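Structure, as structure tokens:
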Amino acid sequence: MKNVMLICNAGMSSSVMAKKTTKFLQEKGEDIQVDATTIASADKVFTSDKYDLILVSPQIRMKFDEFSKKAEKNNKNLAQVPFNAYAPIPSGVEAMANLVLENI
């Protein structure tokens, strides 16, 4: 199983997106779990061996450069989530799933 972590500001919207994206991917036959956390827990994510991909939500895009350095230091894949992939509607969930598949 591949594991993805979505980092958000407060974790509310990211939890919804993580659950919907996991369900979408698994219904397509992908063995991928998407989880969500807050920016306060980001450092633990970058040092964990669990995650194959880290996603940065649109709300914290200003942290992407800082997170890029942490990702490189810890040999992690990192991607910025565009606004169109951060809506809990079918097209947004599909865009998020595609982003995961392209970067994992």
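Values quoted throughout were computed directly from the atomic coordinates according to the rules given, and no laboratory measurement underlies them. Please read these numbers as outputs of a predicted model, since none were measured by experiment. Ideal geometry is used to build each Cβ from the backbone, glycine not excepted, and the neighbour counts take in all protein chains shown.
Name every residue in the range 4-22 that is at positive phi and surrounded by 19 or more Cβ atoms within 10 Å (Cβ to Cβ), in order of residue number.
Selection gives nothing.
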Practice item. Please enumerate the residues belonging to the range 21-53 that are β-branched (Val, Ile, Thr) and out of contact with any Gly (no Cβ under 8 Å at 6 or more places or on another chain). Key: THR21, THR22, ILE32, VAL34, ILE39, VAL45, THR47
